[in-house]
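One structure below.
Nothing in this text is a laboratory measurement; each read-out follows from the coordinates by a stated rule. Computed from a prediction, not measured in an experiment: that's the story for all the values here. Note that each Cβ is placed from the backbone with ideal geometry, even for glycine, and that neighbours are counted across all protein chains shown.
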Amino acid sequence: MHYPMMRYIMAYANIHLGNKFLKPDIELMEADYDNVRYGQPILIEMLAYLYNKGQSDLLSVEDMCKIIYKYRFTGDLVSLQMLLLLLAERYYLNKDIKSAAYILEDAIELYTQKGLKAPFHLYSYECWPLIRKLSPKIKKTDESNRYFTDKEIDVLKLIVQGKSNKEIGEVLFIGIGTVKWHINNILSKMEVKNRTQAAKKAREQNLV
């Protein structure tokens, strides 16, 4: 049974809202990949993302390289750039910085020569320091607008400044409970465990 396109779209939205996938959904996507191997780009993208997050072990590096070759041949440059970034992220997470940099150079070339930049802003990549080192022109200036509400951005700025929950509430004229609610949303979307990690990641990725 194929995983319906609407569920692909909902699952894709869940990624960008910071929601976790349910195991049955992951199992359905993995089964669908086995049925339509190298088929839906959105399915391949999500499985690559889930592998990097430790939630699926289906899509191997060899599989990704074969799909990248296919995208080069068919001219699907957006899907090509996305998969290059996700493959580079996998190498980076495995501490293989040399391979990550090699793959990123291809993705950056598509940015500089073809103007393709959307895939750089679709996920919260751990390899952003390496991306910035290879190409300082590529910035995450629009990530805050994409992932956070205006109020969450205000709260995140104050977290970076080292403000306490009480101080944040006083500055923004909101209650402590509301401050905590915004902070929980921020931590979930940034995929970090505490405000110290959130502040560090915000500085590294120029989110505020």
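Given a Förster radius of 45 Å and the C-beta distance between GLU105 and LYS23 as r, what FRET efficiency does 1/(1 + (r/R0)^6) yield to the nearest 0.05?
Working: r = 36 Å, r/R0 = 0.80.
Efficiency, rounded to the nearest 0.05: 0.80.
With a point put 7 Å past each Cα toward its Cβ, work out how far GLU204 is from GLU126 in nm, to one decimal.
A separation of 0.9 nm, rounded to one decimal place.
Using 1/(1 + (r/R0)^6) with R0 = 22 angstrom and r between the beta carbons of GLN113 and LYS133, what's the FRET efficiency to the nearest 0.05? Mind showing how you got there, number by number?
Working: r = 20 Å, r/R0 = 0.89.
Efficiency, rounded to the nearest 0.05: 0.65.
Please report GLU170, GLU62 as a ranked list, fewest other C-beta atoms within 10 angstrom at the top and most at the bottom. Can you show the working numbers first?
Numbers: GLU170 13, GLU62 8.
Taking fewest neighbouring Cβ atoms as first place, the list is GLU62, GLU170.
Between LYS66 and GLN197, what FRET efficiency follows from the Cβ-Cβ distance if R0 is 45 Å, with the result rounded to 0.05? Write out the running numbers ahead of the final one.
On the way: r = 36 Å, r/R0 = 0.79.
Taking R0 as 45 Å, the efficiency between LYS66 and GLN197 is 0.80.
Cut-off under 18 Å on the C-alpha distance; same-chain residues fewer than 8 positions from LYS98 excluded. Which aspartates and glutamates are left, in chain and number order?
Cross-link targets: GLU62, GLU89, ASP106, GLU109, GLU126.
Do the alpha carbons of any pairs in LYS53/LYS151; LYS66/LYS133; LYS166/LYS201; LYS163/LYS200; LYS95/LYS133 sit beyond 19 Å of each other, and which pairs?
Numbers: LYS53/LYS151 28 Å; LYS66/LYS133 28 Å; LYS166/LYS201 22 Å; LYS163/LYS200 14 Å; LYS95/LYS133 16 Å.
Among LYS53/LYS151; LYS66/LYS133; LYS166/LYS201; LYS163/LYS200; LYS95/LYS133, the Cα-Cα distance tops 19 Å for LYS53/LYS151; LYS66/LYS133; LYS166/LYS201.
For THR178 paired with SER164, estimate the spin-label separation in nm (one decimal), with each label point 7 Å from Cα along the Cα-to-Cβ line.
With each label point 7 Å from Cα toward Cβ, the separation is 2.0 nm.
Please work out the Cα center distance from region 88-117 to region 151-165, rounded to the nearest Å.
The two parts, judged by their Cα centres, are 32 Å apart.
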